[in-house]
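Here's the structure we're looking at; comments come further down.
Every number in this text was worked out from the coordinates using simple rules, so none of it is lab data. This is a predicted model, so every value here is computed, not measured. Reconstructed Cβ throughout: ideal geometry from the backbone, glycine too, with neighbour counts over all protein chains shown.
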Amino acid sequence: MKLFDVTVVGEIYIDHVFSGFATWPKPGEEVFTDQYLQEIGGGAANTACGLARLGRSVRLVGAIGAADAQWFRTRLDQFGVSSDLLTLREDRTGVTMSVSTTEDRSFFTYLGANSHLLTLLDDEALLEQMKQSRHVHFALPLDSHTAIHILPELRSAGCTTSLDVGFQPAWLSDPESLVACRATDYFLPNEREASIVCGGDGNDYLAFAEEQGLPRGILKLGPRGAAMATGGRRYSVPSPDVTVVDTTGAGDAFDTGFIDALLDGAGPEDCLRRACICGGLSTRTAGALRGLPLRDQIERLYEQTYAS
């Protein structure tokens, strides 16, 4: 019997989130906003908190600066995420500055303690801890060596796996990275990331995923929904209609909904629908964590959006 629903492994940051801008400034210009917050960030933390908010038992694996340990543990505890597998380093915690309009966002990032993450994954004791979860989600650019070592072990232990590397152009454009994509059960790129992987557009990516032997081709399409190719069939779902304030962390919230549906044994279409609902609801407020939805909010919007 598994002790946890999900272990989330990946990069962790302190986020400085600026939102509410109508347009991007030109070089040399300055623009002002009254919308700012500091929050735990990074795809791993965002997805872990999202799943815990839905009532899932969740562990977070990552590296942070020792000086920030108490703040992180207090904040994660507020969401119900276990921080017992966090590694404390003398380095500074990674930092990301997110600047958003209603249409898009840009990030400026300092890697910090996250640079040690792949080394941590060589620890056999940590692998045994990860095997205690039903699902393991990786939110980092997983190299082929680590993927070949870890992912088959997790599958043998009865764990399903997913991978979201975020916008990592060097990793996405490296053919060797397809080793990790094939080894994981669910690779979760957005349209821009998928286009780098396949060298074409979103439609090209789904065919590319099938040709390259990925177990499933999944594509996040933002306000246009999401698509999946699996078992010789293709699925496509629209996104819900929401008022967007800040898109920071929307892709991580999509992962939350997708994994939550997987844990319920849902089929491809329902996984995509729940993922789009979570991603959409997360954009209603500034920051990646404030907008993470509760289960009753997901259920209401699901009925409004997808009920036949």
*Take the alpha-carbon centre of the stretch 229-308, take the same for the stretch 177-217, and report the distance between them in whole Å.*
20
*Taking the stretch 26-174 and dividing mean pair separation by its residue count, relative contact order in percent (alpha carbons under 8 Å, at least six apart)*: 16
*Take the chain, connect every pair of alpha-carbon atoms lying under 10 Å apart with a spring to form a Gaussian network, then pick out the residue of 25, 152, 189 with the largest mean-square fluctuation.*
25
_Pick from 241, 252, 185 the residue whose mean-square fluctuation is largest in a GNM of the chain, springs joining Cα atoms under 10 Å._
241
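Could you list 96, 243 in order of exposure, starting from the residue whose Cβ has the fewest other Cβ atoms within 10 Å?
243, 96
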*With θ set to phi - 60°, apply the Karplus curve 6.51 cos²θ - 1.76 cosθ + 1.60 along the stretch 75-84 and write out the HN-Hα couplings as whole Hz, x wherever there is a Gly or Pro.*
5, 5, 5, 5, 8, x, 8, 6, 10, 5
*For the stretch 33-119, what Kirkwood radius comes out of the mean inverse Cα-Cα distance, in Å?*
13.9
*When only C-alpha pairs under 8 Å and at least 6 residues apart count, what is the relative contact order of the stretch 218-280, in percent?*
35
*Return the sequence-ordered ³J(HN,Hα) values of the stretch 35-42 in whole Hz as given by the Karplus equation 6.51 cos²θ - 1.76 cosθ + 1.60 applied to θ = phi - 60°, using x for Gly and Pro.*
10, 8, 8, 10, 8, 4, x, x
*Taking only C-alpha pairs under 8 Å that are 6+ residues apart, what is the relative contact order of the chain in percent?*
17
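Ranking request for peptides 108-114, 261-267, 62-68: highest mean number of other beta-carbon atoms within 10 Å first, then the rest in descending order. It would help to have the intermediate numbers written out before the result.
Numbers: 108-114: 17.7, 261-267: 14.7, 62-68: 20.1.
Going from most to least packed, we get 62-68, 108-114, 261-267.
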_Taking the alpha-carbon distance from residue 26 and a cut-off under 17 Å, which aspartates and glutamates remain once sequence neighbours fewer than 8 residues away in the same chain are dropped?_
103, 104
*Using only the alpha-carbon atoms of the chain, report the extent along each of the three principal axes, biggest first, to the nearest angstrom.*
52, 51, 39
*Can you list residues whose amide H is under 5 Å from residue 40's amide H, if they're 5+ apart or on another chain and H is modeled 1.01 Å from N?*
15
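Nearest 500 deg cm²/dmol is fine: what mean residue ellipticity at 222 nm does the chain get from its DSSP H runs of n ≥ 4 alone, each adding -39,500 (n - 2.57), divided by its residue count?
Result for the chain, helices only: -10500 deg cm²/dmol.
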*So who's got an amide H within less than 5 Å of the one on residue 87, skipping anything under 5 residues away but keeping other chains? H placed 1.01 Å off N, in plane.*
62, 63, 64
*Enumerate the amide H contacts of residue 163 below 5 Å, restricted to partners 5 or more residues apart or on another chain; note that Pro and chain-start residues carry no placed amide H.*
138, 186, 187, 188
*Just for the chain, what percent of DSSP beta bridges are antiparallel, to the closest 5?*
40
*Overall Cα dimensions of the stretch 137-274 - principal axes, largest extent first, Å*: 43, 33, 31
_Based only on other Cβ atoms within 10 Å, what is the fewest-to-most ordering of 7, 33, 184, 101?_
33, 101, 184, 7
*asked:* Just to check I understand the Karplus step: with θ = phi - 60° and J = 6.51 cos²θ - 1.76 cosθ + 1.60, what whole-Hz values come out for the stretch 195-209, glycine and proline as x?
replied: 5, 5, 4, 9, x, x, 9, x, 4, 5, 5, 4, 5, 4, 4
_Within a 10 angstrom radius of the beta carbon, how do 173, 19, 144 rank from fewest other beta carbons to most?_
173, 144, 19
*Work out the charge dipole of the chain with +1 on the Cβ of Lys and Arg and -1 on the Cβ of Asp and Glu about the Cα centre, then indicate which of 291, 265, 158 is farthest towards its positive end.*
265
*Which percent, to the nearest 5, of DSSP beta bridges fully inside the stretch 1-150 are antiparallel?*
35
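With +1 on each Lys and Arg Cβ and -1 on each Asp and Glu Cβ, and nothing else charged, work out how big the dipole of the chain is about its Cα centre, in Debye to the nearest 20.
That gives a dipole near 640 debye.
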